[in-house]
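Okay, so here's the structure we're looking at.
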Amino acid sequence: MPPAESAVMLAELLALGLVGEYDVVAGRRGLAHEVTSVVVGTSLRQLDELPAGCLPLFPRERLAVEEVSADVALRVAHRRGLAGLVVERTTHALPEITGRLADRFGMPLVLVARLDAHAAAAAVDRHLRGPRLAGLRMVDAMLTRLRQVPDSAEGLLAAVQAAAGVPAAMVDGRGLTVAGDPATVDPATRAELVKRLPPGGPAAPVTLFGDGHTLICHPATVADGLPANLWLVARLPLAGRGMVESVGRVLALASWAYTAWIATKSLDGEREARYRAVVLADVVEYADDIAPGTSERATALGWRLSGWHVGIHLNIDQAVGPGVRPTSLIAGLERVLRDNDLPHDLIQRPGGWATWRTQDAEPEPEEVDRLARRLGHALRTFRDDHPGVLVAGGLGAGHDGAEGIGASLHEARQASLLARARGGSGAVETFGSMSVDRLLSGWQRSEPLLRATSSLLAPLREVDPGGDLVRTLMVYLDHESSATATANVLNVHRNTVLQRLERIRALLPLDLSQPNDRLVAHLAARAVADEDT
């Protein structure tokens, strides 16, 4: 049960560091004693005159724990109902009989190194006279530290520990520590904590009173009433309600600062990603006449427009499962690329994500092959860590100058589509006119593909035995889904092409707006056209 609001327990005073660096050597079960006053101890006779709940602080010259006078002091303190005995530590060991006596009485015997009894008594007295004022000082200390917002969870928790003077950590819904002091939530307490944390729905602060300690948990959410994935936790000794509320306010401030930080970080990341995509689009589109402003922005991003560029394109299947968005996986993919010494600043492009490597000299084929092997290893690692996510990669050939960035990225995208269709998740292909033609030729001659494509395009061949619909589909996809270019190649009116495409979309179980469906339709049309010839 929580202690009374006005109660200030010995454990609370010790945890706040008001008496200095301490060690409870015996009588620990009395740490819940309420402290009502404090004095500097002068003699054993003085103890018989102190009121119940008083806490005497003895310098070593007034009371030595290794002498028999310590046993007498414990008996008097127990009889008078004192809160405990705080004694300055000496170089001598505590006699065993003295420790057993303190344990039997439940009278805390606290040894303090270099005890400044008068300063400690003044600090304890201030806290006893105004525990809420002490809580306000704690909150003020946290606000002062938050003037410079920490840039990590560890930094934020360090601020909490400095302001509140207690261990603090961040835990997930399983009670496992993800940042901060691991001792904040011990294994014995974790199971009980998990029971108290709401498994779903709105989250609210939780206070857990355990055996000799108190856990205060505050959800890390961007707004009240939202579910929480992470919790800020502080571990206190047994404490009065005023102390619990004060530390709870510190955690609430920390939660606000943390969610503001991650929201700002996320927003900055999204802005930077969009900005990089816009700059890259300008570089690719106007490579032959790049404006000075574009060159300046590329330079600010650390891009080198001169030199030889090898493009990398990653294709992430859009249908990775319910509730999973490919963009949420990009940070993990970037980490895997970085760990494999690959370019890792991914930029969203049509059909996937792109990056590139730049070097002074034209890359040898062996260099591109080594790059492909590292990329393959990275993608397989990512695939194994994310079951159900389909990812494939492609590398373009080396191209020179600013124009080379777009050229190599275009080739890399084509190679990634081939890798996805041929090798499945984790596959990588490099681009080259010979290798692409060879791959297409091999696929188009395979019996399984011929059977599959024949079945897929059967609806078109049934309604149009002459093959106009299949030819229109192939030419349309050959010319990057341009109805005008298709009409020119087939020597028909553009409206005729549009009417045929409308029939094709109605007959095929495919969505030609989706990259994977377009690839399947393209390969099928080519295979059937090759079979017919």
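For the reader, a short list of remarks on this structure follows.
- Just one of (1) at pLDDT below 90; (2) within 25 Å of Ser246 (Cα to Cα); (3) part of a loop (DSSP other than H, G, I, E, B) fails for Thr90. It is (2).
- Inter-residue pairs, beta-carbon under 7 Å, first surrounded by 17 or more Cβ atoms within 10 Å (Cβ to Cβ) and in the range 327-356, second part of a helix (DSSP H, G or I) and among the hydroxyl-bearing types (Ser, Thr, Tyr), 6+ apart: Val336/Thr381; Gly352/Ser416; Trp356/Ser408
- Within the range 449-483, the set of residues being among the aliphatic types (A, V, I, L, M) and at pLDDT below 85 comprises Leu449, Leu450, Ala452, Leu456, Leu457, Ala458.
- Identity of the residue in the range 387-424, part of a loop (DSSP other than H, G, I, E, B) and either in contact with a Gly (Cβ under 6 Å, 6 or more places away or on another chain) or surrounded by fewer than 18 Cβ atoms within 10 Å (Cβ to Cβ) (or both), that ends up modelled with the lowest pLDDT: Gly424
- Output for the range 87-123, where each listed residue is exposed (fewer than 14 other Cβ atoms within 10 Å of the Cβ), within 20 Å of Leu16 (Cα to Cα) and more than 45 Å from the chain's Cα centre (by Cα): His118
For every residue, the table says whether it meets (1) free of Cβ contacts under 8 Å to residues at least 12 places away in the same chain; (2) small (Gly, Ala, Ser); (3) closer than 18 Å to Leu236 by Cβ.
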{"position": "Val25", "(1), (2), (3)": "no, no, no"}
{"position": "His33", "(1), (2), (3)": "no, no, yes"}
{"position": "Val86", "(1), (2), (3)": "no, no, no"}
{"position": "His92", "(1), (2), (3)": "no, no, no"}
{"position": "Ala119", "(1), (2), (3)": "yes, yes, no"}
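- Qualifying residue in the range 115-132 (condition: at pLDDT 85 or above and either in a loop (DSSP other than H, G, I, E, B) or outside the structural domain of Asp23 (by TED's automatic domain parsing) (or both)): yes
- Restricted to strands (runs of 3 or more DSSP E) entirely inside the range 161-257, those with at least 2 residues that are crowded, with 21+ Cβ neighbours inside 10 Å and at pLDDT 80 or above are 168-172, 213-219, 230-237.
- Leu50 vs. criteria in the same structural domain as Arg104 (by TED's automatic domain parsing), of a type in the set (A, V, I, L, M, F, W, C) and assigned to a loop (DSSP other than H, G, I, E, B): yes
- Ala83 vs. criteria in a helix (DSSP H, G or I), crowded, with 24+ Cβ neighbours inside 10 Å and among the aliphatic types (A, V, I, L, M): no
- Residues of the range 44-62 satisfying the condition of being crowded, with 18+ Cβ neighbours inside 10 Å and of a type in the set (Gly, Ala, Ser): Gly53
- Pairs with Cβ under 8 Å, 6+ apart, first in the range 461-477 and under 17 Å from Leu498 (Cβ atoms), second surrounded by fewer than 21 Cβ atoms within 10 Å (Cβ to Cβ) and polar (S, T, N, Q): Tyr476/Ser482
- Gly41 at positive phi, crowded, with 20+ Cβ neighbours inside 10 Å and assigned by TED's automatic domain parsing to the domain that holds Thr98: no
- Subset of the range 295-335 [at pLDDT 80 or above, farther than 18 Å from Asp400 by Cα and not assigned by TED's automatic domain parsing to the domain that holds Asp345]: Arg297
- When the range 269-319 is filtered for residues that are among the β-branched types (Val, Ile, Thr) and in a loop (DSSP other than H, G, I, E, B), only Ile290 remains.
The values are calculated or read from the model by the stated rules, or taken from the named source; none is laboratory data. Computed from a predicted model, the values in this text were never measured in an experiment. Note that we place each Cβ from the backbone using ideal geometry, even for glycine, and neighbour counts take in every protein chain shown.
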